[in-house]
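> Below is a structure I'd like to ask you about.
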Amino acid sequence: MLCFPRFGTKGSGMNHESGPLLSIDRLSVSFGRPGQYADAVREASFDIQTGEKLALVGESGSGKSVTALSILQLHDPRQVHYPGGSIRFQGRELMGLAEGELRKIRGRDIAMIFQEPMTSLNPLYSIGEQLMEPLLAHEAISKAAARKHMIELLARTGIPLLPWSSQSSG
């Protein structure tokens, strides 16, 4: 699941200029080595407006996770090849962006919650601590302010604040 932590719903006063918040246009993704690439995604296109939700639905192996990981360019750069397409966030092209610039966007403007439960939440830490981590890493705020923001975000989703991640599943 992709999240846009700094962007509220329509009418929240947090909208960007005109146009989609995220635009994927004819994105193609391949893996392998030069001359031996295997296509994983062929010309995927979609837009997400502020406040919208989008579900990528398809069979196992159809490229849903590859597409999501490509938005933040989280694939191993030694194995991935992007033969074409565009990924624009707030009108800014992300394809080919320097790693340092991508780091500024990851977690702050676009976050990803991975679908694999064994790698998503660490049962040794509270959910609150794990949700506060990107806030503390990307925002100049105190731990108390991060906690307050994290509780507000959980309240908006209707998810109760449980002490340990092992108490939440699915």
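> Determine if the stretch 70-79 includes at least one residue that is under 25 Å from residue 134 (Cβ atoms), polar (S, T, N, Q) and either open to solvent by less than 40 Å² (accessible area, probe 1.4 Å) or at pLDDT 90 or above (or both).
Yes.
> Please tell me if residue 54 is under 16 Å from residue 112 (Cα atoms), touching a strand residue (DSSP E or B) at 6+ places or on another chain (Cβ under 6 Å) and surrounded by fewer than 17 Cβ atoms within 10 Å (Cβ to Cβ).
yes
> Here are 88, 42: which of them is under 28 Å from residue 137 (Cα atoms), among the charged types (D, E, K, R), at pLDDT 90 or above and in a strand (DSSP E or B)?
Unique residue meeting the criteria: 88.
> Pairs needed: first member in the stretch 80-107, of a type in the set (Phe, Trp, Tyr); second member anywhere, assigned to a strand (DSSP E or B); C-beta distance under 9 Å; at least 6 residues apart or different chains.
Correct list of pairs: 82/27; 82/28; 82/29; 82/30; 89/22; 89/23; 89/110.
> Between a first residue in the stretch 17-30 that is within 15 Å of residue 82 (Cβ to Cβ) and a second residue that is open to solvent by 40 Å² or more (accessible area, probe 1.4 Å) and among the aromatic types (Phe, Trp, Tyr), which pairs have beta carbons less than 9 Å apart while being 6 or more apart in sequence or on different chains?
Final answer for the pair search is 27/82; 28/82; 29/82; 30/37; 30/82.
The values are calculated or read from the model by the stated rules, or taken from the named source; none is laboratory data. Everything quoted here is computed from the prediction, not taken from an experiment. Cβ: placed from backbone, ideal geometry, glycine included. Neighbour counts: every protein chain shown. What goes into the accessible areas is simple: the full protein's heavy atoms, side chains included, and nothing from ligands, DNA or RNA. Shrake-Rupley method; radii C 1.70, N 1.55, O 1.52, S 1.80 Å.
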